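The values are calculated or read from the model by the stated rules, or taken from the named source; none is laboratory data. Worth saying up front: this structure is predicted, and the values here are computed from it rather than measured. Counting neighbours? That spans all protein chains shown, and the Cβs are built from the backbone with ideal geometry, glycine included. Remember, those area values only see protein heavy atoms, side chains included, never the ligands or the DNA or RNA. Shrake-Rupley method; radii C 1.70, N 1.55, O 1.52, S 1.80 Å.
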Amino acid sequence: MLQPLKIIIADDHPLFRQALTNILAPNFDDVILYEAETISELDALLSEHDDVDLLLLDLNIPKAHGFNTLISIRNCFPHMGVIVISGQEDKVTVSKSMSFGAAGFIPKSTSAEVMLEAIQSVLSGKQWLPPGCSNFDAVEADSMSGKIMSLSPRQHRILMMFADGMLNKQIAYELGLSEATIKAHASAIFLKLGVHTRTQAVIAMSQLQLDKSSFSLEAQ
């Protein structure tokens, strides 16, 4: 018996989540749709449903820290397809999304018909890019981006918690670990990034934030 298709829509705008639901529900015979408004809700869904087929991810969802959530998800769930759906449509953002592991990039200005085409294409195992980006330039990871990408899924999660301003004891409680274990992870993170403090680590991580100086393909 075939398992139902499972798709998560991670976006902080209820109307856009509803629009995607209206696109997807009538066009797939057996699909289960989950919604996440925050990174915490997304983490909870992924913890409960590790067999999700596709994630539709808005890079600007609160606490995503730019491309960091995309990188973390690709590390933790390498077999799950991820399509970035964003209102930030410049070619650099598209190229970085694909280079960091997205299977497709859908601008939010895309019509419902084309969005469905893109999602079906990715589910069939193909990449999908918006018109004008069919031959995107792969973005080579700079030295610090490469170091951040080398972190283990747990190390990257803890680094994101540092960026959220959480204390070691708060992180330990959230992850069900001891403070000593968190400190050990922190030391390993600092060593990999070549830094000495949490502040320096968060500054390094900020290099993977979105460049919000441009929001459209046409502006390029």
Where is the GNM fluctuation largest for the chain (alpha-carbon springs, 10 angstrom cutoff): Gly66, Gly176, Gly101? Gly176
Report the label-to-label distance for Glu179 and Lys108 in nanometres (one decimal), using points 7 Å from each Cα along the Cα→Cβ vector. 4.1
Among Thr110, Leu175, Ile32, whose Cα projects farthest towards the positive end of the dipole of the chain, with charges put on the beta-carbon of Lys, Arg (+1) and Asp, Glu (-1)? Leu175
How high is the FRET efficiency between Asp50 and Ile203 when r is their beta carbon distance and R₀ equals 45 Å, given to the nearest 0.05? 0.90
Accessible-area ranking of Leu123, Leu167, Leu70, largest first, probe 1.4 Å: Leu167, Leu123, Leu70
For the chain, state the average projected area of the convex hull of the C-alpha atoms over all orientations, rounded to one decimal in nm². 12.6
Sequence gap at least 6, Cα distance under 8 Å: using those rules, report the relative contact order of the chain to the nearest whole percent. 19
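Give the peptides 197-206, 88-97, 25-34 in descending order of average Cβ contacts within 10 Å, highest first. Could the numbers behind the result be given before it?
On the way: 197-206: 16.1, 88-97: 21.7, 25-34: 13.0.
The most tightly packed comes first, giving 88-97, 197-206, 25-34.
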What residues from the range 182-210 fall in the zone where the backbone N is under 15 Å from a label point 7 Å along the Cα-to-C-beta line of Lys169? 182-183
Hey, what number do you get for the chain at 222 nm if only DSSP H runs of n ≥ 4 count, each worth -39500 (n - 2.57), divided across all residues, to the nearest 500? -13500 deg cm²/dmol
Solvent-accessible area, 1.4 Å probe, carbon plus sulfur percent, for the chain: 52
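With a 1.4 Å probe and every protein chain left in place, work out the accessible area per residue of the range 81-189 in Å², rounded to a whole number. Could you put the intermediate results ahead of the total?
Details: 4990 Å² over 109 residues.
Here the residues of the range 81-189 average 46 Å² of exposed surface.
Mind putting a number on the dipole of the chain about its Cα centre? Charges go on the C-beta only, +1 for Lys and Arg and -1 for Asp and Glu, and I need it in Debye to the nearest 20.
Using Cβ point charges on Lys, Arg, Asp and Glu, the chain gives about 900 debye.
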